[in-house]
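The values are calculated or read from the model by the stated rules, or taken from the named source; none is laboratory data. Remember, it's a predicted structure, so these values are computed and weren't measured experimentally. Note that each Cβ is placed from the backbone with ideal geometry, even for glycine, and that neighbours are counted across all protein chains shown.
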Amino acid sequence: MSSPGTTVGHKLLAFWQDLGLDVRPGVSAAELVQFEARYGVALPEGLRHYYSVVDGVEGESMVSGHLFRFWPLREVKLLSEELPEEPLHHSEFKDYFLFADYSLWTCAYAVRLTKNLGRRNFIVMVGGDVPINLAESFEEFVQIYLYDPSRLT
């Protein structure tokens, strides 16, 4: 197990606090279980830990040139729920959940969630003609976000 300061949730919390963003406290284990039951998915450890430490940021969070908004768990939804007119939910992207956006929805980010924890939880960017693969896990996405955010826009 990682020490508290090295987990993805703690890294994001520290980063956002340094930026002066208004972060939301983490959600309860019961709320995580309710989300999983509602959608019939299993949250991977990194994403589960993230939401237990910090539940996204308040408002649009565009301070200090920071244009990313990580959504509270209550706003996380299937791609098909947010974009029902898009054909994406009829394809290989039917298991993708939106969890963040950039610059007031110039683009958004979705993670693949299923019942099988053994499957990769790919992250894609949506908002263009086709989704763009960005990372193979939430942890990898966060590393890019923290150290090379230009790759995400």
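Suppose the filter is within 21 Å of Leu152 (Cβ to Cβ), of a type in the set (Val, Ile, Thr) and at pLDDT 95 or above; does Val54 pass it?
Here the answer is yes, as Val54 does meet what is asked.
Can you tell me which residue is surrounded by the most Cβ atoms within 10 Å (Cβ to Cβ) among those in the range 124-153 that are β-branched (Val, Ile, Thr) and at pLDDT 95 or above?
Applying the filter and picking the extreme gives Val142.
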